[in-house]
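Asker: To start, I am sharing the structure in question, which I have written as structure tokens.
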Amino acid sequence: MTTATPPPVAPTGDHHDLAIALFAVVVLVTLAITLWVGRRGSATEDFYAGGRDFTPLQNGFALSGDYLSAASFLGVAGLIALYGYDGVLYSIGFLVAWLVVLMLVAELVRNAGRYTLADVLALRLRRRKVRAAAGGASVVVTLLYLVAQMVGAGSLVALLLGTNSAQARTWTIVAVGGLMIVYVTIGGMRATTWIQIVKAFLLIAGSVLLTVLLMVRFHGDVGELMRQAAQHSGAGRRYLEPGLKYGATFTSRLDFFSLGLALVLGTAGLPHILSRFYTVPTARAARRSTMWAIGLVGGFYLMAIALGLGATALVGSAEVRHANSAGNTAVPLLALVLGGGNGSTGGVVLFALISAIAFATILAVVAGLTLASSAAFAHDIWAGAWRGRPRRRPFRRRAAVPASRPGETGDAAEAEPTGEASERQEVWVARFAAVGIGAAAIAISLYAQQLNVAFLVGLAFAVAASSNLPVLLYSLFWSRFTTRGAVWSVYGGLVPAIVLVVFSPVVSGTKVALFPGVDFHWFPLENPGIISIPLGFLAGWIGTITSPEPADADRFAELEVRALTGAGAA
């Protein structure tokens, strides 16, 4: 029988130098990729879509790289280490969500849009209103996701330095925020995609290495691994059964259902995932990219379950919680034990390697998120809604297949042509927006350092499923859908989700809340999806049936033809 020998929380002494050196290598390599790729193209299409010349395999790796964030590598394994069966439910929800993406949105979004979610909506609806709503929702979703990644970075580097100092985590968050701004402003989508590809390869390779070492440690006996995990969890057999985190009360079970709903539906509304479908040349390539991503993501989550169990079995839930109360450092601690333990060269090398891979994961994902949010601000809010760059012509009926230039939305087809200078201005606004969004993410992250990163991502999924998914599905599949319905759908899901989070135990009323010293919560659930997602769909339906302006049948026909056939697509 294999027994656990709980190690100290982190390596000590000169071994820190090796880990810090590997972190530096990760930063230098990603910066080199950014500088090299950033010189290859400066057009709008290069900045937003990477030139649309990535292969399905490359984009599949990039999709999985964008999706397998700190929540996956650090947060999910940490939740499994602390809560066993209930933590596994996160990985299942994250994986099943890709089936929704594959079946409902991947090819249609690639054909119907150009750079952002709002491009799909603007093809058949009034541009300014829907761009303002969809662009604002996208910024909110990506901000929540960014906070999760940066909190994970703070926990990781604090562990590396052998300290629980808030100052170390704070400076790490600031540094990661600065790096993500550099990646986006210099490299755009092309550099971000290559960083994602490299990061996905390293992440999966590192996970395979740890899983193999873990299975060797237990002689391939998964049953023994689970028994040891239960023994060192502090909960006994309850660790392997439902209810350790979500099954104690009716409220906690309802909270779990709300979380599962958000995870399964949220992926199809994530702006940084949707924007990845525009980096490939065709809808068929977008579908093949999604299939590659499903395979990579599925394999990773199977390994994440094993790593979470291994952290409990070999490190112990108490030690994992002591290192980080939310469990975000379970995988690096497991690597330390599998390599030989604290003080051994193998342990420290493996610990440093896995920590560096986790850090690369965070850097890559924050770059993709910052790019998506800055694109939403510049392309949708600034150029499309506020500045109104194209000047509209009087509306006239058009054939179902658009006569406009490939890649233009319905509004662009009715607009005066715009010059290259205007596109350059839009890209510059996107770069400045990346600075502002990065600063906002840093400020919010400093208050959220004690929250589990997987849980924080769950909130982002809930907001995406509440605001972006209803309007996207209605626009693609409902011929009667109107502009009022679109705006109501976005705000009808976004506002309740944000309000419910603000007045939930996440923000106040508990020891691990953002503001533990006060209590103004009245909503009992931590995840608002069970309320806000139906409200988003309901608001879109009510807005449509009460709209004084009927839906434009010709524009819906144009959208339908383009989405299904690719005629006129970018």
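The values are calculated or read from the model by the stated rules, or taken from the named source; none is laboratory data. Only a predicted model underlies this, so the values are computations on that prediction, with no experimental measurement involved. Positions of Cβ are backbone-derived with ideal geometry, glycine not excepted, and every protein chain shown enters the neighbour counts. Quick note on the areas: whole protein, heavy atoms, side chains included, nothing else; ligands and nucleic acids left out. Shrake-Rupley method; radii C 1.70, N 1.55, O 1.52, S 1.80 Å.
Asker: Could you list the residues of region 115-148 with an amide nitrogen less than 17 Å from a label point located 7 Å from the Cα of Val512 in the Cα-to-C-beta direction?
Answerer: Taking a point 7 Å out along Cα→Cβ of Val512, the residues of region 115-148 whose backbone N falls under 17 Å are 148.
Asker: Scan around Arg126 for amide H atoms under 5 Å from its own, H built in the peptide plane at 1.01 Å from N, and keep only partners 5 or more places away or cross-chain.
Answerer: Long-range HN contacts for Arg126: Thr483.
Asker: With unit charges on the beta carbon (Lys/Arg positive, Asp/Glu negative), name the residue among Gly566, Leu117, Ala460 whose Cα is farthest towards the positive pole of the charge dipole of the chain.
Answerer: The residue sitting most towards the positive pole is Gly566.
Asker: Provide the per-residue ³J(HN,Hα) series for region 535-548, in order, calculated from phi with Karplus coefficients 6.51, -1.76, 1.60 and θ = phi - 60°, each as a whole number of Hz, with x at glycine and proline positions.
Answerer: After applying 6.51 cos²θ - 1.76 cosθ + 1.60, I find 5, x, 5, 5, 5, x, 5, 5, x, 6, 6, 9, 6, x Hz.
Asker: Set Lys and Arg Cβ to +1 and Asp and Glu Cβ to -1, take the dipole of the chain about its Cα centre, and tell me which of Ser317, Gly152, Val348 lies farthest positive.
Answerer: Among Ser317, Gly152, Val348, the one farthest towards the positive end of the dipole of the chain is Gly152.
Asker: Let me ask you something else. Of all the stretches in the chain, which is the longest one without any exposed loop site, taking trypsin sites (Lys or Arg not before Pro) in a DSSP loop (any state but H, G, I, E, B) with at most 16 other Cβ atoms within 10 Å? Present the calculation step by step, with values, prior to reporting the outcome.
Answerer: On the way: sites that count: Arg39, Arg40, Arg387, Arg391, Arg396, Arg397, Arg480, Lys511.
For trypsin sites (Lys or Arg not before Pro) (loop position, at most 16 other Cβ atoms within 10 Å), the longest site-free span of the chain is 41-386.
Asker: What is the pair-distance distribution P(r) of region 60-210, computed from all Cα-Cα distances in 5 Å bins starting at 0, with each bin given as a whole percent?
Answerer: Whole-percent P(r) values from 0 Å outward: 2, 8, 11, 17, 21, 17, 12, 7, 4, 2, 0, 0.
Asker: I would also like to ask the following. About its Cα centre, how strong a charge dipole does the chain have in debye, to the nearest 20, once Lys and Arg get +1 and Asp and Glu get -1 at the Cβ?
Answerer: 1300 debye
Asker: Looking at Gly234, Ala385, Ser547, which one has the Cα that reaches farthest to the positive end of the dipole of the chain (charges on Cβ: Lys, Arg +1; Asp, Glu -1)?
Answerer: About the Cα centre, the residue reaching furthest to the positive side is Ser547.
Asker: In nanometres, what is the gap between the two model label sites at His322 and Thr249, each 7 Å from Cα along Cα-to-Cβ?
Answerer: Using points 7 Å along Cα→Cβ, the separation is 3.0 nm.
Asker: With a 1.4 Å probe and all protein chains kept in place, how do Asp119, Asp519, Asp46 rank by accessible area, largest first?
Answerer: Working: Asp119 0, Asp519 100, Asp46 30 Å².
Accessible-area ranking of Asp119, Asp519, Asp46, largest first: Asp519, Asp46, Asp119.
Asker: With θ set to phi - 60° and the Karplus curve 6.51 cos²θ - 1.76 cosθ + 1.60, what are the ³J(HN,Hα) couplings of region 508-520 in order, to the nearest whole Hz, using x for Gly and Pro?
Answerer: For region 508-520, the Karplus-derived couplings read 8, x, 9, 5, 9, 6, 4, 10, x, x, 10, 9, 10 Hz, x marking Gly and Pro.
Asker: Give me the dipole magnitude in Debye, nearest 20, for region 202-276 about the Cα centre, with unit charges on the beta carbon: positive for Lys and Arg, negative for Asp and Glu.
Answerer: Working: 7 positive and 4 negative charges, 16 e Å.
Taking the Cα centre of region 202-276 as origin, the dipole is about 80 debye.
Asker: Between Leu446 and residues 5 or more places away or on another chain, which pairs have amide H atoms under 5 Å apart, with H built 1.01 Å from N, and which residues are they?
Answerer: none
Asker: In vacuo Debye scattering of region 130-262, one point per C-alpha: log10 I(q)/I(0) at q = 0.17, 0.19, 0.20 Å⁻¹?
Answerer: Debye curve over Cα of region 130-262, log10 I(q)/I(0) at q = 0.17, 0.19, 0.20 Å⁻¹: -1.28, -1.24, -1.22.
Asker: A further question on this structure: Considering the Cα trace of region 495-568, what is its radius of gyration and what is Dmax, both in angstroms?
Answerer: In Å, with Rg to one decimal and Dmax whole: 20.0, 57.
Asker: When the scattering of region 33-112 is computed by the Debye formula from its Cα atoms alone, each counted once and equally, what is log10 I(q)/I(0) at q = 0.11 Å⁻¹?
Answerer: -0.47
Asker: Could you look at region 106-257 and say what percent of its accessible area is carbon and sulfur, using a 1.4 Å probe and all protein chains?
Answerer: Working: 3550 of 5420 Å².
Ligands and nucleic acids excluded, carbon and sulfur reach 66 percent.
Asker: Now for a separate question. 222 nm [θ] for the chain, helices only, -39500 (n - 2.57) per DSSP H run of 4+, per residue, to 500? Spell out each step's value before the answer.
Answerer: On the way: 23 runs with 374 residues, N = 570.
Taken over the chain, the calculation gives -22000 deg cm²/dmol.
Asker: Only one of the listed values, (1) 23.8; (2) 27.5; (3) 25.4, was derived from the coordinates as mean projected area of the Cα convex hull in nm²; which label is it?
Answerer: Checked against the structure: label (1).
Asker: While we're looking at this one, here's another question. Lys245: which lysines have alpha carbons under 29 Å from its alpha carbon, excluding same-chain residues fewer than 8 sequence positions away?
Answerer: Straight-distance partners of Lys245: Lys511.
Asker: Using just the alpha carbons, could you tell me how many Å³ per residue the convex hull of region 433-570 encloses? Please report the intermediate quantities before stating the final value.
Answerer: Numbers: hull volume 20.0 nm³, N = 138.
Given the Cα convex hull of region 433-570, per-residue volume reads 145 Å³.
Asker: Further, regarding this structure: Heavy-atom accessible area of Trp292 with all protein chains present, probe 1.4 Å, nearest 10 Å²?
Answerer: My reading of the accessible area for Trp292 is about 120 Å².
Asker: Which sequence of Ile204, Ile186 reflects their accessible areas, 1.4 Å probe, from the largest down?
Answerer: On the way: Ile204 35, Ile186 70 Å².
The residues order as Ile186, Ile204, largest area first.
Asker: Give the distance, in whole Å, between the Cα centre of region 315-330 and the Cα centre of region 169-235.
Answerer: Taking the Cα centre of each part, region 315-330 and region 169-235 sit 16 Å apart.
Asker: Please compute the modelled spin-label separation between Trp428 and Trp478, points set 7 Å along Cα→Cβ, answer in nm with one decimal.
Answerer: Rounded to a tenth, the inter-label distance reads 4.1 nm.
Asker: Let me ask something additional. With θ set to phi - 60° and the Karplus curve 6.51 cos²θ - 1.76 cosθ + 1.60, what are the ³J(HN,Hα) couplings of region 101-113 in order, to the nearest whole Hz, using x for Gly and Pro?
Answerer: Once θ is set to phi - 60°, the couplings for region 101-113 become 4, 5, 7, 10, 10, 4, 5, 5, 5, 4, 6, 8, x Hz.
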